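Each remark here refers to the structure printed beneath this line.
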Amino acid sequence: MLRRTRIRLAGVLCLALSALALPAPPAYAAPPDLASYVNPFVGTQDGGADFGHGGGAGMDFPGAVVPFGMMQWSPDIVRISGGGYKYEDDRLRGFSMTHISGPGCTGAQDFPVIPFSGPIKNSPATHGSDYVQTFQHANEQASPGSYAMTTDTGIRTELTATQRAGVARFTFPADKVGTLLLNVTGSINGVDDAEATIKGNTVSGWAKTGGFCNADTRSGRRASTRSRPPRTGHGRSASARSRSGAARPTR
């Protein structure tokens with residue numbers, strides 16, 4: 001009886017030691033960051049031939065936006081594009097606040113902001129090409145919700161967006177004057193009327209625009225920007241860019 005009990009105890013002890021020798025279960029693996037797989041530049045280059053469906057290939061934009069966000073802050077290039085951006089073009093004409101992804105025809109691109117380094121000589125309203133800048137794709141970075149670019153003139157622009165607003169940081173070369181040009185009449189399809197008001201460090205404006213795919217519909221667009229640190233001065237210029245008259249800047 002005593003021997004049988006010892007055998008059982010030895011068997012239990014062997015089982016316990018065997019259990020202790022088993023490898024530990026693998027650690028819980030964190031889910032991958034799916035947003036890291038997103039490339040905002042996909043769809044910004046011209047696609048295949050138009051097979052009669054109205055186009056749209058190559059009309060995406062790479063700028064800062066969140067899902068269902070009201071602001072899509074993104075670069076616009078000289079070559080006309082429904083989305084404002086063509087990967088084949090390296091000539092920047094501004095960073096506008098509204099865009100449509102793959103529209104097939106022009107629309108939005110309202111309130112472009114143009115950072116410029118150096119003295120303002122000719123009126124930006126009548127000599128817009130004087131303020132076009134070039135850039136290299138190697139100096140662009142984009143990820144979901146953010147976009148950044150350094151132009152060939154050394155100006156660094158960083159953009160991000162929330163559901164209803166956006167934040168930008170402009171870094172200018174230390175040896176030159178930095179200027180931000182806000183074009184309230186710069187919508188890609190022109191404007192019927194527009195106005196800008198300057199109060200302290202805040203610039204507010206509105207524009208009546210539309211014409212998406214040659215439609216007759218019009219709507220009002222509003223924007224308000226605040227600068228920090230405080231600006232050191234401001235100026236205005238106007239032209240016949242609007243469809244029915246020049247912009248009306250006010251204090």
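Laid out as a table, the results:
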| read-out | value |
| --- | --- |
| 2 or more residues at pLDDT 85 or above and either in contact with a Lys or Arg (Cβ under 6 Å, 6 or more places away or on another chain) or not aromatic (F, W, Y) (or both): qualifying strands (runs of 3 or more DSSP E) within the stretch 189-251 | 191-199, 202-210, 218-226 |
| Tally of residues being outside any strand (DSSP E or B) and more than 18 Å from L180 (Cα to Cα) across the stretch 132-164 | 5 |
| Neighbours by Cβ (under 7 Å, 6+ apart or cross-chain): first from the stretch 153-176, without any contact (Cβ under 8 Å) to a residue 40 or more places away in the chain and more than 15 Å from S74 (Cβ to Cβ); second of a type in the set (F, W, Y) and in a loop (DSSP other than H, G, I, E, B) | none |
| Checklist (1) touching a residue at least 40 places away in the same chain (Cβ under 8 Å); (2) on the phi < 0 side of the Ramachandran plot applied to Q109, failing item | (2) |
| Checklist (1) farther than 20 Å from S227 by Cβ; (2) outside any loop (DSSP other than H, G, I, E, B); (3) not small (G, A, S) applied to K86, failing item | (2) |
| Residue satisfying condition, being in contact with a Pro (Cβ under 7 Å, 6 or more places away or on another chain), buried (at least 19 other Cβ atoms within 10 Å of the Cβ) and not β-branched (V, I, T), within set A196, A161 | A196 |
| Qualifying residue in the stretch 100-112 (condition: over 20 Å from A223 (Cβ atoms), among the aliphatic types (A, V, I, L, M), assigned to a loop (DSSP other than H, G, I, E, B) and out of contact with any Gly (no Cβ under 7 Å at 6 or more places or on another chain)) | no |
| Pairs with Cβ under 9 Å, 6+ apart, first in the stretch 79-90 and under 16 Å from S187 (Cβ atoms), second surrounded by fewer than 24 Cβ atoms within 10 Å (Cβ to Cβ) and of a type in the set (D, E) | S81/D89 |
| Looking only at the stretch 106-120, and only at residues there that are surrounded by 17 or more Cβ atoms within 10 Å (Cβ to Cβ) and touching a helix residue (DSSP H, G or I) at 6+ places or on another chain (Cβ under 9 Å), the one that is farthest from R164 (Cα to Cα) | F116 |
| Residues being assigned to a loop (DSSP other than H, G, I, E, B), over 8 Å from the mean Cα position of the chain (by Cα) and of a type outside the set (A, V, I, L, M, F, W, C) - total across the stretch 59-79 | 4 |
| Of residues in the stretch 187-201 being touching a residue at least 60 places away in the same chain (Cβ under 8 Å) and out of contact with any Asp or Glu (no Cβ under 7 Å at 6 or more places or on another chain), the one nearest to P75 (Cα to Cα) | I188 |
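Matching residues to (1) at pLDDT below 90; (2) surrounded by 10 or more Cβ atoms within 10 Å (Cβ to Cβ); (3) of a type outside the set (F, W, Y):
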| position | (1), (2), (3) |
| --- | --- |
| C14 | yes, yes, yes |
| L22 | yes, no, yes |
| D33 | yes, no, yes |
| N39 | no, yes, yes |
| G43 | yes, yes, yes |
| D60 | no, yes, yes |
| V65 | no, yes, yes |
| F95 | no, yes, no |
| G102 | yes, yes, yes |
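The values are calculated or read from the model by the stated rules, or taken from the named source; none is laboratory data. All values derive from a computational prediction rather than experimental measurement. No Cβ is skipped: glycine too gets one built from the backbone with ideal geometry, and neighbour counts run over all protein chains shown.
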